[in-house]
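Only one structure is covered here, and it is reproduced in the block below.
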Protein chains: 2
Amino acid sequence: MENWIDVTMTISPSIMVYKNKEEKKPKFIVRATHEENGHHESSLCLDLHTGTHIDMPKHMIKDGKTSDEFELSSVNGTCFVVDFSKHPSHEVDEAFLKAYEFSPGDMVFIKTKNSFDQQFNYDYDYLNASGAEWLKNQGVKAVGIDALGIERNAPGHPTHHILLGNGIYIIEGLDLSKVDEGRYECLCMPLKIAGVEGLPARILLKPY
Amino acid sequence: MENWIDVTMTISPSIMVYKNKEEKKPKFIVRATHEENGHHESSLCLDLHTGTHIDMPKHMIKDGKTSDEFELSSVNGTCFVVDFSKHPSHEVDEAFLKAYEFSPGDMVFIKTKNSFDQQFNYDYDYLNASGAEWLKNQGVKAVGIDALGIERNAPGHPTHHILLGNGIYIIEGLDLSKVDEGRYECLCMPLKIAGVEGLPARILLKPY
């Protein structure tokens, strides 16, 4: 796996979760120990939107598709990382994204100041509706961001609807702190779970 | 992802689990719905040895390493699939494996009759200690099998100890029903979880 950069958050009891909500924190349950059982075995209870994960349309769209209709080709392939981390604003919009040229079928990952936060920042950087609309019009197939929510407190969740409603998958919870702007090959391997609205994933990038 | 064969079990409420144990069955908890909350969100409670997963040494060795010391290179690379599925016996042993030539650093996946079971079979095919010893001596780096346990009711778990005790990772719960014997490239991407003894994974094979 030489030259691949791991952009996945580590799932641990202290992982940063959206708005520090208790129910979003993973629970580790030890069910057998060497002392008592001669082996060690544990379970993990995980909100499917904790850590690095892919949103399925069903997450925000009432009759949206679940993981049953998800295909790996939707989130693997060429990925362009744009660097918003030095931008003074918190809002990734059309004006910022227009400076880039994407090709239909590209994935776009947005690196922001969030990748450097050590604890949950309520003023996190996010993608607004104009930015989502512009990415949709470029024909990108997936959009990723280093935020635990791709938008922030937006009534009606327009960013989610613009993307998921047009077959564009959303990847949240990336760690892009070690990734420079540029073109990459993306390897995105979610768990294979039936009928759900979110898929935890392992995601790697390799420079082109 | 053309030409890649998915060898991962699908995690669902009805997934086959080891000895049909209730505590091994995944639990899906819906925590928000479109009707009540305007979006859909759920959690998954998963035994880390349910479905397709990698055993860390800690699973069977008291002071064994956890996922904190796991590296992706240990389970990615060249993989040789051997076909035991037509063999009359249930026990994969040295005599069977000796017919193959593996190179140091290869991974070996053992396809058995288990891949065609529709429910848990208490007489499942497994790898015995002589087979594990032989694979260890060939210098393979990981051993996978389409069983939910790589050995069967063996006092002291010798197969686990021979492999995990020598830095050879064990992959259990493969679905090899669609894979023929031969040489493959293996892509094995586990969730990134801190400090645990088992890692659920997405695993694909591509013919060489």
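When segment A:110-128 is examined, which residues are found to be touching an Asp or Glu at 6+ places or on another chain (Cβ under 8 Å) and not in a loop (DSSP other than H, G, I, E, B)?
Correct list: A:Ile110, A:Lys111, A:Lys113, A:Asn114, A:Ser115, A:Tyr126, A:Leu127.
Within the group A:Lys24, A:Lys65, A:Lys58, which residue is on the phi < 0 side of the Ramachandran plot and without any contact (Cβ under 8 Å) to a residue 24 or more places away in the chain?
None of the others qualify; the one that does is A:Lys65.
Hey, can you tell me all the residues within segment B:194-208 that are within 9 Å of another protein chain (Cβ to nearest Cβ) and over 13 Å from B:Asp55 (Cα atoms)?
Our first condition is that a residue be within 9 Å of another protein chain (Cβ to nearest Cβ); within segment B:194-208, this holds for B:194-198, B:200-204.
Correct list: B:Ala194, B:Arg202, B:Ile203, B:Leu204.
I'd like the full set of residues that are in contact (Cβ under 8 Å) with a residue 24 or more places away in the chain and over 17 Å from the mean Cα position of the chain (by Cα), limited to segment B:27-55.
Once the filter is applied, which keeps residues that are in contact (Cβ under 8 Å) with a residue 24 or more places away in the chain and over 17 Å from the mean Cα position of the chain (by Cα), segment B:27-55 yields only B:Leu44.
Could you tell me whether A:Asn128 is in contact (Cβ under 8 Å) with a residue 12 or more places away in the chain and out of contact with any strand residue (DSSP E or B) (no Cβ under 7 Å at 6 or more places or on another chain)? Show your work before the answer.
Numbers: in contact (Cβ under 8 Å) with a residue 12 or more places away in the chain: yes; out of contact with any strand residue (DSSP E or B) (no Cβ under 7 Å at 6 or more places or on another chain): no.
Answer is no for this residue.
Please give the number of the condition B:Asp146 fails out of (1) more than 14 Å from chain A (Cβ to nearest Cβ); (2) within 16 Å of the chain's Cα centre (by Cα); (3) surrounded by fewer than 24 Cβ atoms within 10 Å (Cβ to Cβ).
Looking at each condition in turn, B:Asp146 falls short on (3).
Based on what the data block shows, is A:Phe96 in contact (Cβ under 8 Å) with a residue 12 or more places away in the chain, among the aromatic types (Phe, Trp, Tyr), surrounded by 19 or more Cβ atoms within 10 Å (Cβ to Cβ) and not in a helix (DSSP H, G or I)?
Spelling it out, it is not the case that A:Phe96 is in contact (Cβ under 8 Å) with a residue 12 or more places away in the chain, among the aromatic types (Phe, Trp, Tyr), surrounded by 19 or more Cβ atoms within 10 Å (Cβ to Cβ) and not in a helix (DSSP H, G or I).
Applying the selection to segment B:31-40, what residues are closer than 10 Å to A:His59 by Cβ and touching a helix residue (DSSP H, G or I) at 6+ places or on another chain (Cβ under 7 Å)?
B:His39, B:His40
Go through segment B:134-186 residue by residue and tally those that are assigned to a helix (DSSP H, G or I) and in contact (Cβ under 8 Å) with a residue 12 or more places away in the chain.
Residues that pass the stated criteria total 11.
Out of the residues in segment B:187-208 meeting the condition of being at pLDDT 95 or above and part of a loop (DSSP other than H, G, I, E, B), tell me which one is surrounded by the most Cβ atoms within 10 Å (Cβ to Cβ).
So the residue we want is B:Leu191.
With respect to B:Asp175, determine if the residue is under 21 Å from B:Lys113 (Cα atoms), out of contact with any Phe, Trp or Tyr (no Cβ under 8 Å at 6 or more places or on another chain) and within 13 Å of chain A (Cβ to nearest Cβ).
yes
Give segment A:107-123 a look and list any residue that's crowded, with 19+ Cβ neighbours inside 10 Å and touching a helix residue (DSSP H, G or I) at 6+ places or on another chain (Cβ under 8 Å), or say none.
The one that is crowded, with 19+ Cβ neighbours inside 10 Å and touching a helix residue (DSSP H, G or I) at 6+ places or on another chain (Cβ under 8 Å): A:Val108.
The values are calculated or read from the model by the stated rules, or taken from the named source; none is laboratory data. Please read all numbers here as calculations on a predicted model, not as lab measurements. Cβ coordinates were reconstructed from backbone atoms using ideal geometry, including for glycine residues, and neighbour counts include every protein chain displayed.
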